[in-house]
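Have a look at the structure below before the remarks.
Readers should treat all values here as calculations from the given coordinates under stated rules, not as data from a laboratory. Not measured: the values here are computed from a predicted model. With ideal geometry, Cβ positions are generated from the backbone for all residues, glycine too; neighbour counts draw on all protein chains shown.
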Ligand SMILES: CC(C)(COP(=O)(O)OP(=O)(O)OC[C@H]1O[C@@H](n2cnc3c(N)ncnc32)[C@H](O)[C@@H]1OP(=O)(O)O)[C@@H](O)C(=O)NCCC(=O)NCCS
């Protein structure tokens, strides 16, 4: 059954209807035959329903994670080079672990997740928001698991879509993340998306026998509004 995320028109953005996709002025398409435009559409929607939104950027499309994606995730996550920066990742997950993760996330009212794919449908990884509705903020986690596709701008494009969605559609006030201070690619990606460093935990991580700092980064709604949604050069 198609699910939909309805959203108010973007500030200053045009809306055109094509098939059953509603294209917003800044490049996000929200698919769903039953879309309706309400004043605050997410009041009555669970994150599981919001996760059915399809967001399209310049380089990537974010779509719901499907069971058929899981074997590919398992194959990628067996590679230590891919998982070394993922704080939550211990031993490589089995297919059963991935199914469990998938079901847990789908039923978690505070989790919103998408698969990341290229515009021609090549799976790249996934991205998720973990909501704290009491404080109107979310933590974001992202992985381009196909490492042959790193540093091609996909992570930045996916992050821009998710952050824009968090502020514009979910009406959050703050999006935050943590990362290893040695993860230069990730930090550069996040800075291009407007995240600023705001603190650190010293020698918080142990990787390959060496301690490293965890850094905290965030972007606020007012900063996002001021900068627009494009990546910084
Ligand atoms: C982090 C990640 C999401 C970034 O996505 P990506 O598609 O590779 O990143 P992008 O291409 O959008 O941006 C990376 C930027 O960092 C730069 N970069 C690459 N390696 C770098 C390094 N060692 N130090 C500093 N900058 C680096 C790239 O040149 C690019 O900047 P540019 O566009 O100005 O040239 C992705 O690499 C990934 O999933 N990595 C493995 C898991 C991970 O680290 N997850 C995040 C955990 S917090």
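The table that follows gives values for the structure above.
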read-out	value
Percent of Cα pairs exceeding the 19 Å cut-off, where the set is the range 159-233	37
Neighbour-count ranking [beta-carbon atoms within 10 angstrom, fewest first] of 145, 204	204, 145
Burial ordering of 208, 108, 164, fewest other beta-carbon atoms within 10 Å first	208, 108, 164
Theoretical gain in end-to-end length, residue 95 to residue 225 [0.36 nm per residue, Cα-Cα removed]	42.7 nm
Residue-span extension gain [residue 211 to residue 67] - 0.36 nm each, minus C-alpha spacing	48.2 nm
Alpha-carbon centroid distance for the pair the range 175-213 / the range 54-129, whole angstrom	21
At R0 = 25 Å, FRET efficiency that the Cβ-Cβ distance of residue 232 and residue 133 yields, to 0.05	0.30
Linear extension gain, residue 58 paired with residue 84, 0.36 nm per residue minus alpha-carbon span	6.6 nm
Area projected by the alpha carbon convex hull of the range 83-206, averaged over all directions, nm²	8.7
Taking 178, 156, 230 and counting other C-beta atoms within 10 Å, the order from fewest to most	230, 178, 156
